[in-house]
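The values are calculated or read from the model by the stated rules, or taken from the named source; none is laboratory data. The structure presented is a predicted model; accordingly, all values stated were derived computationally and were not measured. Neighbour counts are summed over all protein chains in view; Cβ atoms, including those assigned to glycine, are modelled from backbone coordinates with ideal geometry. Protein only, heavy atoms only, side chains kept; ligands, DNA and RNA dropped before computing areas. Shrake-Rupley method; radii C 1.70, N 1.55, O 1.52, S 1.80 Å.
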Amino acid sequence: QVQLVESGGGLVQPGGSLRLSCAASGFTFSRYAMSWYRQAPGKERELVADITRDGGSTNYADFVKGRFTISRDNAKNVVYLQMNSLKPEDTAVYYCKARNYVEHWGKGTLVTVSS
């Protein structure tokens, strides 16, 4: 059974940091590119960052460049999103996605940036 389980979300003050994790199971993790998306209330889901199967290449949305870092550990079947200098506009549900010939999505973890 394919599963992607996000964790690490929560309430953080502006300027703070969080690290999200996405634990994968039920498929060969190292054969999938991984992505983080987010969806704020009333807005469409948008790509935040993605990483190639071997972790050798990453890509970021302009609105997180220099603040967020995506990484993966293929030995542990986990992808991470380190989020620094958080802003209120980063408030959203964050989802991870695995992509090969098919896509798998997690159920998301809520990040709230507020004072």
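Solvent-accessible area assigned to carbon and sulfur over the stretch 36-76 amounts to 43 percent, based on a 1.4 Å probe.
Ordering Thr52, Ser85, Gln3 by the projection of their Cα atoms onto the charge dipole of the chain, which places +1 on the Cβ of Lys and Arg and -1 on the Cβ of Asp and Glu, puts Gln3 at the extreme positive end. The order of the peptides 25-36, 53-64 by mean Cβ neighbours within 10 Å, most packed first, is 25-36, 53-64.
For Val64, neighbours were defined as the other residues whose beta-carbon sits under 12 Å from its Cβ, and their charges (Lys and Arg +1, Asp and Glu -1) total -1. About the centre of its Cα atoms, the chain shows a dipole size close to 140 debye [charges on the beta carbon of Lys, Arg (+1) and Asp, Glu (-1) only; nearest 20 debye]. Sequence-distant contacts, meaning Cα pairs under 8 Å at least 6 residues apart, place the relative contact order of the chain at 36 percent.
Magnitude of the charge dipole for the stretch 1-52, about its Cα centre and with charges confined to Cβ atoms of Lys, Arg (+1) and Asp, Glu (-1), is about 40 debye. Take 73-81, 41-49 and order them by the average number of nearby Cβ atoms within 10 Å per residue, most first; the result is 73-81, 41-49.
Normalised per residue, the accessible area of the chain is 54 Å², obtained with a 1.4 Å probe and no contribution from ligands, DNA or RNA.
DSSP assigns beta bridges within the stretch 1-106; of those with both partners inside it, close to 100 percent run antiparallel.
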